[in-house]
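To start, the structure itself, in C-alpha cells.
We did not get these values from a lab; they are worked out from the coordinates using the rules stated. On a predicted model such as this, the values are computed, not experimentally measured, just so you know. Neighbour counts run over all protein chains shown; Cβ positions are idealised from the backbone, glycine included.
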Amino acid sequence: MADEQVEQILVLVAERRGIDFRDYRRETLQRRARSRARAAGCRDLAAYRRMLDEDRDELDRLVETLVVPVTGFFRDAWAFRELADRVLPHLAARHPLLRAWVTGAASGEEAYTLAMLLAEASARQAGGGFEVIASDIDRPSLEIARAGVYPRQSVEGVPADLRVRYLRTDGSHVRVADWAHRRMRLAAMGTSMNRVSRTSPGASSNASHFSAVGTGGSGIHSHSPVRSCVWKRR
Ligand SMILES: C[S@@+](CC[C@H](N)C(=O)[O-])C[C@H]1O[C@@H](n2cnc3c(N)ncnc32)[C@H](O)[C@@H]1O
C-alpha cells in the first residue's frame, strides 16, 4: 500500500517536474516521503499525495528532500588522491584530451575538483587538454556551478598549490580561474544509473567516450549496481 502511494508520488513528480526517481531505492524514497508528509502535517502518504496535487511549494520541498544537493571540494580526499596519483597520469599519457563527466554534480565542487586534477595531469603532457561535463537534475544547484563562485571556507580542503593555480580570491569568496571555468560544460539532465553507459550529455557520445565518469551522489540512492563512483579507464 505504502509502495503504491510512493509510486503515485513518483509519477506526479515525473509529470510535474520532469524528474524520474524510479531508479531510487524504495526504502530511501519511502523514508523521505514519510518524513516530508509528517512535516507537512499529513496523516499518511495517501493524504500527502493529495496535498502534492495542489501544493507546488510542497512538491519543490519534496524534490529538494529527495535530491540532497550536498557536496564539497575534495570531499572524498582519498579517492581524489588515488585518481591523481595512479589513474590520471596513465590516462593522460594515452589520451591528449581527457574528458570527464560528473553525473550528479550539484553546485559543482566535485566537478571543479576533478577539473583541477585533470588540468594538472594534462599539463604534464605536450599538447594535453581536458574538459569536464557536469550534469544534474537540480537546476538551482547547476546555476551555482555555472557561476563558479564559492565561500572561502568551502575551499579549505583544496591543497594550497592548487588553490593558487585554480582559484581567485574575491573578498569573502573564491572564483574559479577563468581558463578552468571555460573548460566546464553544464547540462541539466537526470541520469539513470542503469543507463549511464548508454546516455550522456552530448548527442553523439556515451559514457565510453569519457576517460572518467563520476557518479558520486546521483548514484548513491539508486538500486542499480552502479552506485557510488565509476572511473572508466581506457
Ligand atoms: C549528494 S549530491 C552529490 C554531489 C557531488 N557528486 C559530490 O559527490 O560531492 C547528489 C546530487 O545528485 C543529484 N542527483 C540525484 N539523482 C540524480 C539523477 N537521477 N540524475 C542526475 N542527478 C541526480 C542531486 O540533484 C544532487 O545534486
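Structure values in brief
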| item | result |
| --- | --- |
| 5 angstrom amide H check on V102, placed H, neighbours 5+ away | I133, A134, S135, G214 |
| Distance cut-off 18 Å, percentage of C-alpha pairs in segment 95-140 lying past it | 30 percent |
| Segment 2-66: radius of gyration and largest Cα-Cα distance (Dmax), Å | 10.2, 27 |
| Within segment 68-145, trypsin sites (Lys or Arg not before Pro) in DSSP loop having at most 13 other beta-carbon neighbours inside 10 Å | R124 |
| Assigned charges on the beta-carbon of Lys, Arg, Asp, Glu; segment 36-166 dipole about Cα centre (debye) | 280 debye |
| Gain in span if fully extended, R124 to R152, counting 0.36 nm per residue against the direct Cα distance | 7.2 nm |
| Estimated D of segment 1-160 in µm² per second, where Rh is the Kirkwood radius over Cα pairs and Stokes-Einstein applies at 37 °C, 0.692 mPa s | 182 µm²/s |
